[in-house]
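As structure tokens, the structure follows; a few thoughts come after it.
Here, each number is a calculation from the coordinates, and none is a lab measurement. Given the structure is predicted, the values throughout are model-derived calculations rather than measurements. Note: ideal-geometry Cβ built from the backbone for every residue, glycine included; neighbour counts use all protein chains shown.
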């Protein structure tokens, strides 16, 4: 179980100001998290491939295929400034 002093130490490192009630809540919640981690470390995970998602994410992105886009005039119609058929962007030195 994480005690009050450990919660205050972590809060100080994270530059968090916690109320007394929050310190007590965090002690319980952090202890629960560490208990879950301890349970996981007891599992035999040899041969289990690492995952980036808990559910399958097949075909998450659409195929990158060319398709018609907005006509240049429509895209530039609301632009605050246009130059040479494109958006005019201020140079970094102008800021």
Cα centroid separation - the range 63-95 against the range 23-37, whole Å: 51 Å
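List 26, 1 from most exposed to least, where exposure is judged by having the fewest other Cβ atoms within 10 Å.
Details: 26 19, 1 10.
Ordered from fewest to most neighbouring Cβ atoms within 10 Å, 26, 1 come out as 1, 26.
Take every Cα-Cα pair in the chain and report what % of them are more than 22 Å apart. Each step should come with its number before you reach the end.
On the way: 3058 of 4465 pairs.
Cα-Cα pairs in the chain separated by more than 22 Å: 68 percent.
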Most mobile listed residue (73, 42, 22) in the chain, GNM with C-alpha springs under 10 Å: 73
